[in-house]
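> One structure follows; several queries about it will come next.
The values are calculated or read from the model by the stated rules, or taken from the named source; none is laboratory data. From a predicted model like this one, the values you see are computed outputs, not experimental measurements. Here Cβ is always computed from backbone atoms with ideal geometry, including for glycine, and neighbour counts include all displayed protein chains.
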Amino acid sequence: MFDSLSDKLGGIFDKLKRRGALKEADVRDAMREVRIALLEADVALPVVKDFIAGVTERAVGQEVMKSVSPGQMVVKIVNDHLTEMLGSDTNGISLLAVAPVPILMVGLQGSGKTTSAAKIAKRLKEKENKKVMMASLDIYRPAAMEQLKILGEQIGVPTLPIIDGQLPVDIAKRAMTAARLQGMDVILLDTAGRLHIDQALM
């Protein structure tokens, strides 16, 4: 997220290069772009407002270090505030449950659930030495099940065989049974994407 934010703000930061200190108007211009980027990323409006206020307060009047331009200083302040807001501590996935532990992937359409499922499966397999299986419950998106199968083959993680015409609940039950019978530690269940207007999926 921060990399794309840096790219979007490049033009704003270029304007700030020759200033000795950051003035509120300079920061306000940069924060307008940050606000747009965060809202486009579906960050809640109250969170965006608090974030912008916090960064603006920190950035206004900051003395620019000799080796750093004002634009770079704003980037650093934004980065520091994002790290503080999101948390600097990293926690692993808790697998404290009876195996196979189900991990349900849910989110908006196009938010990267299927790819993230494969990344999580790969990490659990390679870094935590877990036996992992993936199953697609997405019966709505064309080729969703096939996509997960291909990703599974690429990372060496088995996927639940596809049976046409099954409902998501039935697929989930079959996945849990298959994972249990095969001695899996974790089963990743990739669901269909949702939009707020899809009452049936919500």
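> Kindly evaluate VAL132 against the criterion of being of a type in the set (Val, Ile, Thr), crowded, with 19+ Cβ neighbours inside 10 Å and at negative phi.
yes
> Given (1) touching a residue at least 40 places away in the same chain (Cβ under 8 Å); (2) not assigned by TED's automatic domain parsing to the domain that holds LEU38, where does PRO142 come up short, assuming only one miss?
In the conditions (1) touching a residue at least 40 places away in the same chain (Cβ under 8 Å); (2) not assigned by TED's automatic domain parsing to the domain that holds LEU38, PRO142 misses (1) alone.
> Looking at GLN154, GLN182, which is the one that is over 24 Å from VAL98 (Cα atoms) and of a type in the set (S, T, N, Q)?
Sole residue among the options that is over 24 Å from VAL98 (Cα atoms) and of a type in the set (S, T, N, Q): GLN154.
> Among the residues of segment 81-125, which ones are free of Cβ contacts under 8 Å to residues at least 12 places away in the same chain and either in contact with a Lys or Arg (Cβ under 8 Å, 6 or more places away or on another chain) or under 27 Å from ALA143 (Cα atoms) (or both)?
GLY112, SER116, LYS119, ARG123 - these are the residues of segment 81-125 that are free of Cβ contacts under 8 Å to residues at least 12 places away in the same chain and either in contact with a Lys or Arg (Cβ under 8 Å, 6 or more places away or on another chain) or under 27 Å from ALA143 (Cα atoms) (or both).
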